[in-house]
Amino acid sequence: MFPNLTLRLKNSIPEIIFFPEEGMSRVLTLKEENIEHIMLKMAGFLELENEIKDSEEPNMAYILKLAELGDERVIETVPAMDKYKNEFGLEDFLKIQLDKALEERDDFSEYGEISDEVRTELNRNQNIDIFASLMEIMINTIIAKSLLYSSDLGIGKIRLEDEDGFVRLQQKMASELSKMGIELIIE
């Protein structure tokens, strides 16, 4: 079981921990990055923050539900992350992608005269697609950083301790790791 690498998600904060042997551990990511806070900030830029806060569900549950409604393929080209940093760098990385998506989004002017109500709904749907893409980029970044550490340390299995029940992360991580022949243990 040792050495092993663990991706822990607790209170919306991901961290990568190296366990060289029983009773020893070292947190490899340096900065606490709260996924819920980051995604709320992104939602604010996309005029979705009030929708999340007004929901009767907990913020993170509604964030995940909202991201599932959108098309996560709206942002297709994502530059490489900095593999030498010891943190995920989620907020800065997502903000760059968001700014680019906002520049490129449709203003629906080719539709001619449409009602404000229809334009508002088209904008909301477009913003949800961008939001879903940002969530997918965040998931991919967390997985990629975990894989980089695993490769650097020569570890062929990764444990996922997901106290938040982030199902999309679990599914995507299982799929990506299986493609690479790396064992995933979900606890």
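Of note:
- Of all the criteria given as (1) of a type in the set (A, V, I, L, M); (2) within 17 Å of the chain's Cα centre (by Cα); (3) surrounded by 15 or more Cβ atoms within 10 Å (Cβ to Cβ), the one not satisfied by A80 is (3).
- The condition (being charged (D, E, K, R), under 29 Å from K10 (Cβ atoms) and modelled with pLDDT under 90) is satisfied by just one residue among K83, K179: K83.
- Qualifying position, being out of contact with any Cys (no Cβ under 9 Å at 6 or more places or on another chain) and buried (at least 19 other Cβ atoms within 10 Å of the Cβ), among L40, L102, L5: L5
- Looking only at segment 141-171, residues that are under 22 Å from K95 (Cα atoms) and in contact with an Asp or Glu (Cβ under 8 Å, 6 or more places away or on another chain) come to 3 in all.
- Number of residues in segment 61-77 that are in contact (Cβ under 8 Å) with a residue 12 or more places away in the chain, buried (at least 18 other Cβ atoms within 10 Å of the Cβ) and within 18 Å of F45 (Cβ to Cβ): the value is 7.
- Residue count for segment 10-28 satisfying the condition of being part of a strand (DSSP E or B) and closer than 15 Å to D162 by Cα: 6.
- Residue count for segment 169-179 satisfying the condition of being surrounded by fewer than 17 Cβ atoms within 10 Å (Cβ to Cβ) and either touching a helix residue (DSSP H, G or I) at 6+ places or on another chain (Cβ under 7 Å) or among the hydroxyl-bearing types (S, T, Y) (or both): 3.
- Close pairs from segment 124-152: first in contact (Cβ under 8 Å) with a residue 24 or more places away in the chain, partner surrounded by fewer than 18 Cβ atoms within 10 Å (Cβ to Cβ) and part of a helix (DSSP H, G or I), Cβ under 6 Å, at least 6 apart: I128/L69; I139/K172; I143/E176
- Some residue of segment 164-175 being acidic (D, E) and part of a helix (DSSP H, G or I): no
- The condition (being at pLDDT below 95, over 15 Å from the mean Cα position of the chain (by Cα) and assigned to a helix (DSSP H, G or I)) is satisfied by just one residue among K53, K31: K53.
- Per the listing S133, S151, S109, the residue uniquely modelled with pLDDT of 90 or more and of a type in the set (S, T, N, Q) is S133.
- Looking across R124, R119, one residue alone is part of a helix (DSSP H, G or I), touching a Leu at 6+ places or on another chain (Cβ under 8 Å), more than 30 Å from D152 (Cβ to Cβ) and of a type outside the set (A, V, I, L, M, F, W, C). It is R124.
The values are calculated or read from the model by the stated rules, or taken from the named source; none is laboratory data. Since the model is a prediction, treat every value here as computed from it, not as a measurement. Ideal geometry is used to build each Cβ from the backbone, glycine not excepted, and the neighbour counts take in all protein chains shown.
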